[in-house]
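The values are calculated or read from the model by the stated rules, or taken from the named source; none is laboratory data. All values reported here derive from a predicted model rather than from experimental measurement. Note that we place each Cβ from the backbone using ideal geometry, even for glycine, and neighbour counts take in every protein chain shown. Note: accessible area is taken over every heavy atom of the protein model, side chains too, but ligands, DNA and RNA are not part of it. Shrake-Rupley method; radii C 1.70, N 1.55, O 1.52, S 1.80 Å.
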Amino acid sequence: LFDALASAAMARIDDFKPQDLANTAWAFAAVGHGSPALFDRLASASMVNMVHFNPQALSNTAWAFATAGKVSPALFHALASAAATRASEFSPQALANTAWAFATAGHALPALFDALA
């Protein structure tokens with residue numbers, strides 16, 4: 001089922017809104033289905049649309065990639081930059097999830113952690 005969903009998502013990923021990208025990454029990570037091709041496409045599409053992500057989408061995307069073990073340095077740097085500039089808008093849960101994701105992924109960027117503190 002998830003292989004079919006991954007194929008369907010990849011076929012339409014250019015039409016996804018930021019929340020669609022974050023939700024798709026979250027869903028696949030939550031069920032433990034780490035489709036490498038899908039996560040690569042999600043990372044690319046997320047970086048293109050990062051300026052339109054709200055704090056929850058940023059947090060959920062970071063959580064999903066860390067949970068799935070898909071550590072994309074370019075994506076995590078883009079997420080860190082976006083999260084650091086909008087940290088004051090994050091809910092406590094989003095702050096915790098973002099900090100956990102970056103620590104888990106091995107992207108402990110001091111500027112991001114300072115912004116989240």
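Remarks
- So Ala108, is it outside any helix (DSSP H, G or I) and in contact with a helix residue (DSSP H, G or I) (Cβ under 8 Å, 6 or more places away or on another chain): yes
- For the range 12-27, the candidate set comprises residues that are open to solvent by 80 Å² or more (accessible area, probe 1.4 Å) and over 13 Å from the mean Cα position of the chain (by Cα); within that set, the residue that is nearest to Ala64 (Cα to Cα) is Lys17.
- Single residue of Ala4, Ala9, Ala30 found to be small (Gly, Ala, Ser) and open to solvent by less than 40 Å² (accessible area, probe 1.4 Å): Ala9
- Any hit, the range 50-70, residues being open to solvent by less than 10 Å² (accessible area, probe 1.4 Å) and farther than 20 Å from His107 by Cβ: no
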